[in-house]
1. Kindly list the residues of the range 79-118 that lie in the label zone of residue 192, defined by a backbone N under 15 Å from the point 7 Å along the Cα-to-C-beta vector.
2. What full-extension length gain, to one decimal in nm, is calculated for residue 98 and residue 434 as 0.36 nm per residue of separation minus the Cα-Cα distance?
3. Picking from 57, 176, 147, whose Cα lies most toward the positive end of the charge dipole for the chain (charges on Cβ: Lys, Arg +1; Asp, Glu -1)?
4. Can you give me the relative contact order of the range 322-440 as a percent, contacts being Cα pairs under 8 Å and 6 or more apart?
5. Which one of 335, 29, 431 is farthest out on the positive end of the charge dipole of the chain, using unit charges on Cβ (Lys, Arg +1; Asp, Glu -1) and the Cα centre as origin?
6. Restricting to DSSP H runs of at least four residues, report the calculated mean residue ellipticity at 222 nm for the chain, -39500 (n - 2.57) per run over all residues, nearest 500 deg cm²/dmol.
7. Determine the share of the chain's accessible area contributed by carbon and sulfur atoms, expressed in whole percent, with a 1.4 angstrom probe.
8. Arrange the residues 317, 403 by how much accessible surface each exposes, largest first, with a 1.4 angstrom probe.
Amino acid sequence: MAWVALVFAGAVHAAEPDPRLGWFEEGRQAYETCEAEHAAGRRDAALAACRTSYARMTQALTPDNGAVRLARGAVVGLLDELGRPDEAAQVLADAIDTQGAALEGYPALRWTDLMDLVKRWAEAGRLNEAQPYAEQALAVVEADEQALPAGSRAVTLQSLGFLAHESGRYAVAESHRREVVRQVVAAGAAADAGWLPRALTDLGNTLQQMGREDEAQRVHREAVAAAERPGVDTPARMGALNALGVTLTNQAEYVSAEDAYRRALALAPSSDLQRIYVLKNLGALLLLMDQVDEAEQATRKALEAAESGWGPLHPATLTAVEDLALVMEHRGRFAEALTLHRRSLAGSQQVLRPGHPTTALRANNLAVLLERLGDRDEAISLLERSLADARSAYGPVHPTVATRQTSLAQLLSNRGDFPRAEPLFRDALQQLEQTRGPDH
């Protein structure tokens, strides 16, 4: 491997025998074994060898060394391939926590590691774990921005804005996202053309959650206009149109929303992942418009495209399964809906983890149908678990927690269990007033 000579040249030099030379050689051989096992399709064996390589390289070399980072990257990559993203993120977290001090003189490497970990924790729905690392990344930017890639401050603030938004801290999210827009505008031609529509889309999404719907629509329209400029990539254009469609749907401007979704669909081939999510939103809109046949058709198209292109357990596939379940409920085909709800929940628990916000939402949807079908015991059990998962993901005060709590309280109330229902209702109201304001 080409990296061996480069790494070894600056690795260790000593007049006396140094054990690090032996560790380095063990690490090199283990990495070669890892590559061979991976090429043969034996990923578990490859992972074991790569873990050995990473451990030996960490013993032999400093954390900034290319061989250490290469071996760690191989471990993380294999965990990703094996569908173990939480473990992959934990490998990065352990490296940052134990080796971070050694990278103080290498701000670009430290910032890159931190942002990689933030992205992984956020994708896993583990917002509380992501937050301190995002704050560390901002501290690196504040201390030595000149040594970092261009736009590093905006990228870091974008992540902090996402975490604040998803955690229900919308005022904080708005502040971060407005600053990102300001920085992108200030950068002008130096910024990637897709940056501005993405930044505006993020800001519009936060304003929507804050109940400032007219302002949100104005910002989303600005995003669409910015996305129509030359040089903007297709994903940024689709994202702007899709977000505008969601806002228009929430404001009951259904005809305009449908137009936005269909314009987005015209931009990408049928196998495109982003197209699948637009189809999902279009299906939900058509259901609201009582165009049930068209809604089912759009949702089935999304499911077929996701399954054929990404497999049965991809998040896009599971989302389409859940949406089809809701369409079947609307049609009164409850047996099919129940099967689909159970499938999407089981897939979420397998792929995402039980505490992921999406898993909590799907448990809630299944519970609502079970209650409707008269199985209140299982419904209550699911809602209690859903509420616990939401609290685990978001903390005790969050709009999503309030929604789950309200669902459980409503079911308990329907059952006549008012002593348990009333405090849940009151606490949910306090959470919503705290996070969204009394006039939302």
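The values are calculated or read from the model by the stated rules, or taken from the named source; none is laboratory data. Only a predicted model underlies this, so the values are computations on that prediction, with no experimental measurement involved. Ideal geometry is used to build each Cβ from the backbone, glycine not excepted, and the neighbour counts take in all protein chains shown. We work out accessible area using only protein heavy atoms, side chains counted, and drop any ligands, DNA or RNA first. Shrake-Rupley method; radii C 1.70, N 1.55, O 1.52, S 1.80 Å.
1. Under cut-off, by backbone N: 116.
2. Working: separation 336, 0.36 × 336 = 120.96 nm, distance 3.77 nm.
Between residue 98 and residue 434, full extension yields 117.2 nm more.
3. So the residue we want is 176.
4. Details: 133 pairs, mean separation 20.5, N = 119.
About 17 percent, as a whole number.
5. So the residue furthest toward the plus end is 335.
6. -26000 deg cm²/dmol
7. Numbers: 10670 of 20230 Å².
Carbon and sulfur: 53 percent of the exposed surface of the chain.
8. Numbers: 317 0, 403 70 Å².
Of 317, 403, the descending order of accessible area is 403, 317.
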